[in-house]
Ligand SMILES: Nc1nc2c(c(=O)[nH]1)N[C@H]1C(S)=C(S)[C@@H](COP(=O)(O)OP(=O)(O)OC[C@H]3O[C@@H](n4cnc5c(=O)[nH]c(N)nc54)[C@H](O)[C@@H]3O)O[C@H]1N2
Ligand SMILES: Nc1nc2c(c(=O)[nH]1)N[C@H]1C(S)=C(S)[C@@H](COP(=O)(O)OP(=O)(O)OC[C@H]3O[C@@H](n4cnc5c(=O)[nH]c(N)nc54)[C@H](O)[C@@H]3O)O[C@H]1N2
Ligand code: SF4
Ligand SMILES: [Mo]
């Protein structure tokens, strides 16, 4: 008889284990109806039962989610139960680098993730239709053997290129998780690769054409700036850690008191936190704003063209490559001498962007007259259908105005972190070289023959042999929730003749987990051992944290290191996988490697119980991007073919002539503004769906992680932001329940009527768990029910912020 997850959680547990677990956590027996599962589940307060007089002890962990930060957690435990979570102590909060790596509201709430009724407790095998959410409990031995058999069967039948490790970012372990799985798959002969990420597809593909490599100055440099211009950069929500960039920027601004201007369709928390001026731009139009700015700079003689020609090619016709047609430079484009014969005056830009022409002119003068202007873009502006153009246009501004390679300046990009340098479990080498853009995995299941190099960006092969047949989804919810077009994705996944096997490993019964054939429960990071680096967004601040299980891992949850070792054994490769080491021994080995370079560190026997072991700040030299290039561009060329900033890219001109593009798509040699499909300039689509809808990364979650925590849902409610003008036209008030629709689906969500969003634009916090009602309406309010599987022209990246919708009150 098939069983639902309710049966498993409630009825299948023996009375004995039920009692044992409920004593331990107080929540294990909470019933979770599968009908309400993806939504907010009722949570019970973990009760501290057991030994009378038990003492509180302190244990150390870290929050390993993908918010770019990495916060140390001081966990107060009593009788093997987490009582509360505090920030770690610090040496001296006044000193940058000795300061507190303060966790945000999510990290502080993470005991609720551990004790959530949605926790996966045992290995499960699907018994109903795929996606239905019906599973039976199996043993770890059975699970390992089934996985090894399927891996062997599918590899033998279709080849290793049919095995796929899906994009994911749920837990940045060093010795379990991703590295363990990839190590296992590599031992099995490899797997189909992907390139890009859901975060930065457009910026990572477009940047090399203009700047050679992606580089940026640490925010610390803002201490030397007098002006800061941010395009869609919302550090106050996306970098909330005390060990992250919001803290670095705050300290730098305190020193320089620089003026901050933030260009964003929303008046974000950062506008408030940075005392900034807000310019409410329409989504997808930053490239037009840049053009309007450059028009003013030319018109008012504010550019040093000799300087520009020293560092850049393709601004004017003098520096165009030979292959370029006449009048193909950016200056000609701006002055209306290019193909489109349109002068990019501030008045032209005002019509496109929604910003006043007078403010565009003023902004140009402010940037030109600044002593050191720090220009950066978040990744929201590029997560669009014309994102590549936006990226390159913003990158032009520092080059044209000379605000690069000097103290207080930047490159137009968002800096990463200087990492501390903690090693990871080696992945091994993947013999398969073929790679697809990560957003196209659904296409690689459904219509693999359509993925070619010139149509959909296939790399290192002319076509795919079979498409994806085995899907491995570890610590990710992009099998459904975080991917585009949820309704279409469900159909593709449900077809068992296409993708034949789906393995999911998670902590929670997420919308993706429900599509698993085998579903495995991993430890949460509060139950794991590891040694971890600061993450990619801590800026110049870098550090190393030892994490330890703060409580005994509950139920049958396990580290994926041990799971992979067992599967390897079934494949006859245990020794090759482990090299005779336990996970703990790998951790010790990694520490020894770090200590060999930093001899001042304590012995591991001491370090393993310290939580934060060491904190450092990058040197000034590491902090200013392009400093050598600025000083002497001939001696220190950047990594473009010309060695200079390529405003005109001959490589892009070549791609544009060879790739197959749709009639509404464009790749151009210079970063001209290309109106986007499904934007306010797509007049045909606009008739049916008159509002532009963007998503944003909310402080209430990290993507979909932390979603089922009721306290967070109450503190940061999921609401769609609507301007009062658009709300009044539809009779909508704050807290009204509304439907948002387009051809791909319908979601329900509460309204937030606010002047904090530009008219004509609505914004939905991304990451809410999708949940369909009987009519197919997503009452969970997941934005990806409305997003598209179409990709951007050059990067073939996810345009998840480019959507047109209509809304109505229910
Ligand atoms: N709290 C929290 N923090 C996170 C995450 C999270 O889920 N929650 N996710 C982490 C991850 S993995 C990533 S990749 C980063 C994401 O960081 P980003 O990609 O930068 O975050 P977004 O919120 O998507 O976009 C940033 C801002 O861009 C604005 N924006 C959207 N479209 C446009 C446009 O066309 N032009 C301009 N000028 N602005 C635009 C949005 O309103 C938003 O305020 O955040 C990381 N940090
Ligand atoms: N519409 C829209 N969609 C977006 C975005 C957007 O801006 N708009 N942003 C995109 C971006 S930038 C990103 S990076 C992706 C992120 O997408 P994902 O990488 O899928 O991130 P999460 O949704 O946080 O899913 C992480 C999963 O890991 C699980 N997890 C957490 N800890 C552990 C652990 O220790 N072990 C295991 N096995 N599992 C664990 C969590 O329960 C969760 O299900 O989403 C993308 N999707
Ligand atoms: S979600 Fe990010 S900022 Fe918040 S505690 Fe975790 S690592 Fe720190
Ligand atoms: Mo991301």
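None of the figures in this text is laboratory data; all of them are computed from the coordinates on show. As the structure is a prediction and not an experimental result, all values here were calculated from the model. Using ideal geometry, Cβ is built from the backbone for each residue, glycine included, and neighbour counts are taken over all protein chains shown.
The length gained on full extension between residue 450 and residue 138, counted as 0.36 nm times the residue separation minus their Cα-Cα distance, comes to 108.5 nm. Rounded to the nearest whole angstrom, the semi-axes of the ellipsoid equivalent to the chain, taken from the Cα gyration tensor as √(5λ), stand at 43, 30, 27, largest first.
Expressed as a whole number of Å, what is the distance separating the alpha-carbon centroids of the stretch 283-326 and the stretch 379-440? Rounded to whole Å, the Cα centres lie 22 Å apart.
Computed from Cα atoms, the angle from the helix 357-369 axis to the main principal axis of the chain rounds to 90 degrees. Computed from Cα atoms, the angle from the helix 245-256 axis to the main principal axis of the chain rounds to 40 degrees. Here r is the Cβ-Cβ distance between residue 495 and residue 369 and R0 is 51 Å; the resulting FRET efficiency, rounded to 0.05, is 0.25. Per-residue Cβ neighbour counts within 10 Å put 452, 698 in the sequence 452, 698, beginning with the fewest. The Rg/Rh ratio for the stretch 68-188 is 1.09, where Rg is the radius of gyration of the alpha carbons and Rh is the Kirkwood radius. Label-to-label distance, residue 340 versus residue 93, with points set 7 angstrom from Cα along the beta-carbon direction: 5.0 nm. Between helix 560-570 and the chain there is an angle of about 70 degrees, using the helix long axis and the longest principal axis of the Cα atoms.
I want to make sure I understand the PRE zone here: with the label point 7 angstrom from the Cα of residue 715 toward its beta carbon, which residues in the stretch 224-245 have backbone N atoms less than 19 Å away? Hits in the stretch 224-245 for residue 715 at 19 Å: 235-245.
Its Cα gyration tensor gives the stretch 683-809 an equivalent ellipsoid, and the semi-axes of that ellipsoid, as √(5λ) in whole Å with the largest first, are 21, 19, 14. In the chain, helices alone account for a calculated mean residue ellipticity at 222 nm of -8000 deg cm²/dmol, with every DSSP H run of four or more residues adding -39,500 (n - 2.57).
Label sites at residue 656 and residue 598, each approximated as a point 7 angstrom past Cα along Cα to Cβ, lie 4.7 nm apart. Rounded to 0.05, the FRET efficiency of the residue 605 and residue 556 pair, given R0 = 25 Å and the Cβ-Cβ distance, is 0.25. Overall shape: prolate for the stretch 637-697, with the ratio a/c of the largest to smallest alpha carbon gyration tensor axis at 1.5 or above and a/b above b/c.
Normalised size of the stretch 529-676, defined as Cα radius of gyration per 2.2 N^0.38 Å with N residues, equals 1.68.
When the convex hull of its Cα atoms is viewed from all sides, the stretch 235-324 shows a mean projected area of 8.8 nm².
On full extension, the segment bounded by residue 351 and residue 589 gains 79.7 nm, given 0.36 nm per residue less the C-alpha separation. Extending 7 Å from the Cα toward the beta-carbon at both residue 573 and residue 317 defines two label points whose distance is 6.0 nm. Kindly provide log₁₀ I(q)/I(0) values, in the same order as q = 0.13, 0.20, 0.22, 0.25 Å⁻¹, from the Debye equation applied to equal alpha-carbon scatterers of the stretch 743-810. These q points yield log10 I(q)/I(0) values of -0.42, -0.92, -1.07, -1.24. Subtracting the Cα-Cα distance of residue 76 and residue 327 from their residue separation scaled by 0.36 nm leaves 83.6 nm. If R0 is 22 Å, the Cβ-Cβ spacing of residue 255 and residue 304 corresponds to a FRET efficiency of close to 0.20.
A protection proxy built from the mean count of other Cβ atoms within 10 Å ranks the segments 59-72, 232-245, 659-672, 407-420, most packed first, as 59-72, 232-245, 407-420, 659-672.
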